[in-house]
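One structure is given below, encoded as structure tokens.
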Amino acid sequence: MPFILTIILTLLLVTAIYTDLRWSRIPNWLTFSAMGIGIVVHVWIGGLQGASTSLAGLVVGLGLFLLPFVCRAIGAGDVKLMAAIGSMLGPFGAISIAALSVLVGGLYAFGAMSYQWGVVATSRRLTCATYGTLVIGGSTGVGDLRLPFRLRYGLAIAAGTLLFLGGIQPFGG
């Protein structure tokens, strides 16, 4: 990866983490600018092949997080952040980072729930909710399973990106 993209990606992640923690938003000016810069740098370095790699990464990054957005599991800023990262790292990078982000996000959510409710209460609620949803097909009467706080998924995406850049590639490389 070109050094300029490393710098831009670092600035993107730091800014996204800050805005996500501060305002629970990842702004359009940040994500769309990063997408544009990713495409321009790839065109500058690789011509049409660079452009196709960048656009493919953008589409893959967008597509991978579109369903969770439609299901209201993540916000639109998270989807656009993943698309911006894909435009800089290409489709393989987008797929790898999405997988790492899901793993980190799961650990993050479990840790947050454990902290909020305690491990025993969380395990009981999750077991009852899973049983009630899968077996009974409805409510279990154990209360609402929604988290009393909001997860900032931009953190998981940033962590997944840093893991990928650090050499962890879940699908080989």
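The values are calculated or read from the model by the stated rules, or taken from the named source; none is laboratory data. Just so it is clear, the structure is predicted and the values come from calculations on it, not from any experiment. Here Cβ is always computed from backbone atoms with ideal geometry, including for glycine, and neighbour counts include all displayed protein chains.
In table form, for the structure just shown:
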| quantity | calculated |
| --- | --- |
| Residue match in the stretch 94-104 (condition: of a type in the set (Val, Ile, Thr), touching a Gly at 6+ places or on another chain (Cβ under 6 Å) and either assigned to a loop (DSSP other than H, G, I, E, B) or over 14 Å from residue 158 (Cβ atoms) (or both)) | no |
| Cross-chain or 6+ apart pairs with Cβ under 9 Å, the stretch 55-80 first and buried (at least 19 other Cβ atoms within 10 Å of the Cβ), then among the acidic types (Asp, Glu) | 65/78; 75/20; 77/20; 78/20 |
| Any hit, the stretch 110-119, residues being out of contact with any strand residue (DSSP E or B) (no Cβ under 6 Å at 6 or more places or on another chain), buried (at least 22 other Cβ atoms within 10 Å of the Cβ) and assigned to a helix (DSSP H, G or I) | no |
| Selected residue (only one of 86, 90 is in contact with a Gly (Cβ under 8 Å, 6 or more places away or on another chain), more than 19 Å from residue 17 (Cβ to Cβ) and at pLDDT 80 or above) | 90 |
| Residue match in the stretch 140-152 (condition: more than 30 Å from residue 38 (Cα to Cα), at pLDDT 60 or above, touching a helix residue (DSSP H, G or I) at 6+ places or on another chain (Cβ under 7 Å) and not in a helix (DSSP H, G or I)) | yes |
